[in-house]
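I have placed the structure first, in the form of structure tokens, so that the comments after it can refer back to it.
The values are calculated or read from the model by the stated rules, or taken from the named source; none is laboratory data. Just so we're clear, the structure is a prediction, and the values are computed from it rather than from any experiment. Because the Cβ atoms are built from the backbone with ideal geometry, glycine has one as well, and the counts that use them run over all protein chains shown.
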């Protein structure tokens, strides 16, 4: 694994000025994701939340709940390296707008997307692991990520029924 320091159990930053990532690094990230309560981890290629460009290698396991959210004033792109997921885009009122089926290059599905508008979105992970590269603009400001009232928080008991409802709607 590349030399890193932890911001938390879910966020790692590189120690070195030159960052390179190989398959063994992604395998280690998958192992670390399984150890985290929220079953996810990210390796930042940038060095600080204040950097202007944020590039991250992110691992989510199948049982991750990604609460629908949108980013104000930011562009976000994603490249799937391993696994499959559905990106679900929502209207402001919580109705499903669009579903983008994503997978790695060999899956035959879209492997890249870019979201230029502040649209609510979530990920439904379809494989044991989803490994992806995400890029967005910095600096990171928590108050620029908006969560809708119609989507339960991770700690809410209604998460499972919310996901089941989305699954029924998109099938």
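Say we look at region 149-162 and pick out the residues that are in contact (Cβ under 8 Å) with a residue 12 or more places away in the chain and surrounded by 15 or more Cβ atoms within 10 Å (Cβ to Cβ); which of these is farthest from residue 73 (Cα to Cα)? By that ranking, first place goes to 159. Check off (1) at pLDDT 95 or above; (2) on the phi > 0 side of the Ramachandran plot for residue 104 and give me the number that stays unchecked. So the condition that residue 104 fails would be (2). Of everything in region 109-145, what is under 13 Å from residue 84 (Cβ atoms), touching a residue at least 40 places away in the same chain (Cβ under 8 Å) and assigned to a strand (DSSP E or B)? Give them in sequence order. Across region 109-145, the qualifying residues are 123, 124, 125, 129, 130, 131, 132.
Every test in (1) under 27 Å from residue 6 (Cβ atoms); (2) surrounded by 15 or more Cβ atoms within 10 Å (Cβ to Cβ); (3) touching a strand residue (DSSP E or B) at 6+ places or on another chain (Cβ under 8 Å) is passed by residue 38 save one, and that test is (3).
Residues checked against (1) touching a residue at least 12 places away in the same chain (Cβ under 8 Å); (2) in contact with a strand residue (DSSP E or B) (Cβ under 8 Å, 6 or more places away or on another chain):
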{"site": "5", "(1), (2)": "no, yes"}
{"site": "9", "(1), (2)": "yes, yes"}
{"site": "12", "(1), (2)": "yes, yes"}
{"site": "22", "(1), (2)": "no, no"}
{"site": "28", "(1), (2)": "yes, no"}
{"site": "62", "(1), (2)": "yes, yes"}
{"site": "75", "(1), (2)": "yes, yes"}
{"site": "83", "(1), (2)": "yes, yes"}
{"site": "99", "(1), (2)": "yes, yes"}
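Within region 54-72, restricting attention to residues that are touching a helix residue (DSSP H, G or I) at 6+ places or on another chain (Cβ under 6 Å) and not in a strand (DSSP E or B), which residue is surrounded by the most Cβ atoms within 10 Å (Cβ to Cβ)? The selected residue is 65. Considering each residue of region 144-160, count those that are closer than 18 Å to residue 119 by Cβ and out of contact with any strand residue (DSSP E or B) (no Cβ under 8 Å at 6 or more places or on another chain), and give that number. Here the count works out to 2.
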